[in-house]
Each structure stands twice: as C-alpha cells, then as structure tokens.
1. What's the angle, to the nearest 10 degrees (0 to 90), between helix 147-162's Cα axis and the longest principal axis of the chain?
2. Return the inverse of the average 1/r over all pairs of distinct C-alpha atoms in segment 145-216, which is the Kirkwood hydrodynamic radius, in Å to one decimal.
3. State to the nearest 20 debye the size of the charge dipole of the chain about its Cα centre, where the only charges are +1 on K and R beta carbons and -1 on D and E beta carbons.
4. Would you mind checking which residues have amide H under 5 Å from ILE66's amide H? H placed 1.01 Å from N; only 5 or more apart, or other chain.
5. Can you tell me how much longer the chain between ARG64 and ALA210 gets when fully stretched, taken as 0.36 nm per residue apart minus their C-alpha distance, in nm with one decimal?
6. Step through the residues of segment 184-189 one at a time and calculate ³J(HN,Hα) from phi using the Karplus curve (6.51 cos²θ - 1.76 cosθ + 1.60, θ = phi - 60°), rounding each to whole Hz and writing x for Gly and Pro.
7. In percent, what relative contact order does the chain have, based on Cα pairs under 8 Å that are 6 or more apart in sequence?
8. For ALA19 and ARG190 in one chain, what is 0.36 nm times their gap in residues minus the Cα-Cα distance, to one decimal in nm?
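Coordinate-derived values only; no laboratory data. These numbers come from a predicted model, not from an experiment. Note that we place each Cβ from the backbone using ideal geometry, even for glycine, and neighbour counts take in every protein chain shown.
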Amino acid sequence: MDVSDGFPVWDQLTEQQQASLSHAAVLRSASRGAMLHGGAGDCLGLVLVRTGQLRAFILSDQGREITLYRLLPGDICLFSAACAMGSLQLDIALEAEKDTSFWVIPPETYRSIMENSAPLANYTNARMTDRFSQVMWLMEQVMWHSFDRRLASFLLAECDLEASSRLELTHERIAAHLGTAREVVTRMLRYFQSEGLVHLSRGAVEITDADRLRRLCT
C-alpha cells in the first residue's frame, strides 16, 4: 500500500497537498513489543499503518493498562498527533503488537494541509468522532458489564482478529488489555475451562465452545 491508500479523500486533495503528504511521510518500523508513543507529552505525528498491528492503550497511575483499540494495515492514529489538533490533550500510548511498518506524518504538515482542505478536515473530524465513540463504548463495558461478559467478548474478538481459535496470550497480557489484575483473569479463565468453554495451556488459550461464549456476551 501507499500513503494515498490511508486517506479516502485523497482524490479531493490538490496535487500540491498530495505531494506534501507523500513527501513528509517517513516510513518507520517497530518490532513486536516496542513503544511508539508514550502519551500526551509526546507528539509523534499522525501514524498510518502499512503492515503489522499496533495497540492504543491508557495507563493508570498504578501502572494498570487497558486497551482502547487496535490499528491494522490502512488505519491511521490521530491521537498520536494530538498536538496538531489545537488544545486536544490525550494521554494515549501506542505499542507494536506485531512487527510493524508505518508512516509518520509530522503534525505541523498535517495541520497545515487540514487547515486548507475542507475534505481532509471533515475526514479527520469523522475519524476522531469514531475513535471517541469506540472509547466511550469501552468505558460503558467497563462500568456496567460483568467481567465474564467482557472476557468472553474479548476472547471472541481476538479469535476473529487472529483468524484462529488458539490465542497465544498470557493471563497477564489479557489483564493488560482489559484493565484488571492477572489474578482476576486467571480465576475467570479457570472457570471458563471448568465449564468447557476454553482449554488453557502455558501462554495460550484455546476456544473450545465459541457458541456458549457468544451467549455470554448477550
């Protein structure tokens, strides 16, 4: 893919604007587990994923993580360029979940083009709204839904993402995604295993009854 593939409004930009975005974009790579963006004090720039997978998450003062969303090939992360969005301040971190290649567009370049392109500004606002909706949905899950439902939903979503019923995930990693303690995850997974929903092995969870997990989510 090319930089243009990350912007559905590319054809609505002028040739000069297209050239500015293309020339400013720097292709970088990150190994699995690497931190790309540390939070509100770090203005990395707009990130466009070329290959691999990134995770956006927040970190509490106590060191507890919760995953907000994933970024797959073709996805952009605007929060990593929050300094280009005026007074917007967001303490969101980015981590490579897989070996990843991505473009970084400097925030000043993106802001300059956005200020002179209504299509890009509208697209940016729509993407920001979508991301905020995802975050609000997640907060609703955390506040109002039971943990067994959240864990079942997470496992099913991971199976869809990896196209496999076997997930190479430790209990600690699952806890980081869901914003809870490892012990809580372990207890619930053991309960799921006793009910025949999953099979646990070292560093992995295998889904054995996806239908019953889906019923838990309703």
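1. 60 degrees
2. Its Kirkwood hydrodynamic radius stands at 11.9 Å.
3. I would put it at about 560 debye.
4. The list, which skips near neighbours in sequence, is ILE58.
5. Working it through step by step, the gained length comes to 49.7 nm.
6. These are the phi-based 3J(HN,Hα) values: 5, 5, 4, 4, 6, 5 Hz.
7. 21 percent
8. 56.1 nm
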